[in-house]
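The values are calculated or read from the model by the stated rules, or taken from the named source; none is laboratory data. It should be emphasised that the depicted structure is a prediction, and the values quoted were computed from it without experimental measurement. Glycine also receives a Cβ, built like all others from the backbone with ideal geometry; neighbour counts cover every protein chain displayed. Accessible surface is based on the protein model in full, side chains and every heavy atom, while ligands, DNA and RNA are left aside. Shrake-Rupley method; radii C 1.70, N 1.55, O 1.52, S 1.80 Å.
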Amino acid sequence: MFAQRIVAEVLRRGEGYGGNGGGRGVTALVEHTSINPNASPHVGRARNAMIGDALVRLLRFEEYEVEVHYYVNDMGRQIALLVLACGEPERLTFDEMLQQYVDANERAKNDPEFAAQGYELLAKMEEGDPETKARFDRVTSVCLAGQLAVLARLGIGYDVFDRESAYVRDPRLQGVLDALRAKGGLFTDEDERLVADLSKIGHTQDEGRYLVLMRANGSSMYAYRDLAYTIDKAGRGAALNLIVLGEDHKLYAQQLGLILEAAGYPPPEPVYYAYILLREGKMSTREGNVVLLSDLLDEAVARAGQKVEEQWPDFPAEERRAMAEKVAAAAVRFAILRVNPQKNVIFDLEQSLSFNGDTGPYVQYSCARIASILRKHGEPLPAEPSADFPTDSDAEWALITKLADFPATVETAARNRNTAPVAQFALETARLFTTFYHECPVLNAPTPAVRDARLHLCQAALQTLKNALGILGLEAMERM
RNA sequence: GCGCCUGUAGCUCAGUUGGAUAGAGCAACGGCCUUCUAAGCCGUGGGCCGGGCGUUCGAAUCGCCCCAGGCGCGCCA
């Protein structure tokens, strides 16, 4: 009997239902977010973090052993300017540092001497000057902590932080240069820069043929350091090596991949996503038309808080606050994650703050309704649904059939490295539960057998929704 | 100019990898709280699936050509 079998299967597997064990015994390294320290995360950048984090959760659900890496770009021209601007970093907060950076960047454009100071500072950093390194560390650490605090509000965390500055003088880079040289793919150009000619190692198009590795003054370019880091990641022995990248990095990743292959290293598997745009155009920190993740979350919490207050006036403020945080995070995460990553999305503030319709809070609300039924029933249910499992309505069948689809949805999502279908599944399941909810009374079911079957179905639906939400990084609500 | 991605309802998105009458939400309009939470439900209107040509018994889905948007293309990261 199909219905009874599916419901029993969901309840038996519990938190593991939907997992196919595709990653059992497989290690995976996932790098995502890796925001430059000179900016507070905006929703565009946050797409990387949310996609990456959901991917990590999906892989773990499939029993991969995952290690999450964050590459801290604590070097480079922009960071040098930031450090230069933050004279006494101890006295500055994260937000103040960001303002300093904006000012410094502006000044560097019009003041060549100031810009030159930046390059000098960078060169000293690369030489390994301890005092300079300490200065950089102080500034970038404050910035990193500020960024992580915002991301943590969305439930996003990391296992390992790799600092770019640790890879500048990586001895393995010599081997890469030797390999390039051996194939005629390395030369010093007329301006004394060290340049890779990728056409010698399989690059077929004209655009992107050359990649500058070192400046004339011997300081390294981002790509050069990134090569060392990528080699380092490859050397950690993970069977699956993923990196979440904006689509603007496509050509760059190909270039890097060619060099790595020429030197005998396996390149990571990229997962791309497209930009989030505003109606007015693309987000630009310079022009001030950005939506900061922290601001978005604050607004979401404020709106959710209002709703919670209307709904649960007798709850302690602290508890209401916690509910609002969960709902707010769910709204923001779901709004981003439900869209296929290769699509540009036009960011709509009202829409991503909406708690009605095709949203994370709608799914959470369905969970709360189920939890409420189970709570009201009070008594524990038999662990196994009875062999006599009456299900006569279309609503019940549609819901059960949907629950049965979950493992296949997860399997496809993992294979395609795309969690958007899981969000879609959660929505569809929540809608089907709601139809069932309106058409099939549970506690007042016509017979005890029907009631028990429906209670078990409720449990199974809740478990499946929880598992789907877990992959997306949203919390199911007991009440809302 | 060249390369990659995208184009589905007024708006934001799905569409199970080529199958039957293309689905949701938002917005609009009309209904539903003395029965398990109205952050919900039911109903109405709304479509040349960007355009064209092809492949196929069959195309939103595959191919080619256009058009539009996004991204990228040597001392940014």
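Which of the peptides A:30-40, A:377-387 is most tightly packed, and how do the rest follow, judged by the mean count of other Cβ atoms within 10 Å per residue?
A:30-40, A:377-387
Mind listing the phi-derived Karplus ³J(HN,Hα) values for the stretch A:385-399, rounded to whole Hz, using 6.51, -1.76 and 1.60 with θ = phi - 60°, and x for any glycine or proline?
3J(HN,Hα) across the stretch A:385-399, in whole Hz: x, 5, 4, 7, 10, x, 9, 10, 8, 4, 4, 5, 5, 4, 5.
Using each residue's phi in the stretch A:277-283, evaluate 6.51 cos²θ - 1.76 cosθ + 1.60 at θ = phi - 60° and report the 3J(HN,Hα) Karplus result to the nearest Hz, with x for Gly and Pro.
10, 9, 4, 7, x, 7, 6
What is the set of long-range amide H partners of A:Thr27 at a cut-off below 5 Å, with H atoms built 1.01 Å from backbone N?
For A:Thr27, the qualifying residues are A:Glu65, A:Ala239, A:Leu240.
Considering only protein heavy atoms, what per residue accessible area in square angstrom results for chain A with a 1.4 angstrom probe?
Result: 45 Å² of accessible area for each residue.
By the gyration tensor of its Cα atoms, with a ≥ b ≥ c the square roots of the eigenvalues, what is the shape of the stretch A:69-201: rounded for a/c under 1.5, prolate for a/b over b/c, or oblate?
oblate
Averaging over every viewing direction, what projected area does the convex hull of the Cα atoms of chain A cover, in nm²?
26.3 nm²
Whenever you get a sec, compute what percent of the accessible area on the stretch A:286-412 sits on carbon and sulfur atoms (1.4 Å probe).
49 percent
Taking the Cα atoms only, what angle lies between the long axis of helix A:222-234 and the longest principal axis of chain A, rounded to 10 degrees?
50 degrees
Given R₀ = 56 Å, FRET efficiency for A:Ser199-A:Asn356 by Cβ-Cβ distance, to 0.05?
After rounding to 0.05, the efficiency reads 0.55.
Quickly rank A:462-472, A:216-226 as a protection proxy: mean count of other C-beta atoms within 10 Å, highest first.
Packing proxy ranking, top to bottom: A:462-472, A:216-226.
What is the projected area of the convex hull of the Cα atoms of the stretch A:270-354, averaged over all directions, in nm²?
6.8 nm²
Mind giving me the FRET efficiency for A:His249 and A:Glu9? R0 is 30 Å, r the Cβ-Cβ distance, nearest 0.05 is fine.
0.10
Taking the Cα atoms only, what angle lies between the long axis of helix A:112-127 and the longest principal axis of chain A, rounded to 10 degrees?
The angle comes out near 80 degrees.
So what are the stretch A:376-433's ellipsoid semi-axes, whole angstrom, largest first, if each one is the square root of 5 times an eigenvalue of the alpha-carbon gyration tensor?
28, 14, 12
Please identify every one of the trypsin sites (Lys or Arg not before Pro) in the stretch A:94-149 that sits in a loop by DSSP and has no more than 10 other beta carbons within 10 Å of its own beta carbon.
Filter output for the stretch A:94-149: empty list.
Going 7 Å from the Cα of A:Asn20 toward and past its Cβ, which residues in the stretch A:446-480 have a backbone nitrogen under 17 Å from where you end up?
Backbone N within reach: A:468, A:471.
Suppose R0 equals 60 Å; then what is the FRET efficiency for A:His438 and A:Ala116 from their Cβ-Cβ distance, rounded to the nearest 0.05?
The calculated FRET efficiency here is 0.30.
Could you work out the mean projected area of the convex hull around the alpha carbons of the stretch A:259-313, in square nanometres to one decimal?
The orientation-averaged projected area of the Cα hull of the stretch A:259-313 comes to 7.9 nm².
What length, rounded to one decimal in nm, is gained on full extension from A:Ser141 through to A:Arg321, with 0.36 nm per residue of separation minus their alpha-carbon distance?
Full extension of this stretch gives 61.9 nm more.
Measure nothing fancy, just the Cα-based angle from helix A:420-439's long axis to the longest principal axis of chain A, in degrees from 0 to 90, nearest 10.
Between the helix axis and the principal axis of chain A, the angle is about 20 degrees.
Do you know the relative contact order of chain A, to the nearest whole percent, from alpha carbon pairs under 8 angstrom that are 6+ apart?
Relative contact order, chain A: 21 percent.
Taking only the C-alpha atoms, wrap a convex hull around the stretch A:107-169 and report its volume per residue in Å³ as a whole number.
Per residue, the Cα convex hull of the stretch A:107-169 comes to 110 Å³.
How do the peptides A:235-245, A:184-194 rank, highest first, by the average count of neighbouring beta carbon atoms within 10 Å per residue?
Ranking, from highest mean packing down: A:235-245, A:184-194.
What do you get for trypsin sites (Lys or Arg not before Pro) in the stretch A:1-102 restricted to DSSP loop and a cutoff of at most 14 other Cβ within 10 Å of the site's Cβ?
Those that pass, being in a loop and sparsely packed, are A:Arg24.
Out of all Cα-Cα pairs in the stretch A:296-399, roughly what percent, to the nearest whole number, are more than 19 Å apart?
In whole percent, the long-distance tail amounts to 58.
Using a 1.4 Å probe on the protein chains only, how many percent of the accessible area of the stretch A:148-207 belongs to carbon and sulfur?
Of all accessible area on the stretch A:148-207, carbon and sulfur atoms account for 49 percent.
Once fully extended, how much extra length lies between A:Lys109 and A:Ala166, figured as 0.36 nm per residue of separation less the alpha-carbon to alpha-carbon distance?
Length difference between fully extended and current span is 17.6 nm.
Can you give me the distance in nm between label points at A:Glu96 and A:Lys183, each placed 7 Å from the Cα along the Cα-to-Cβ direction?
Roughly 5.0 nm, to one decimal.
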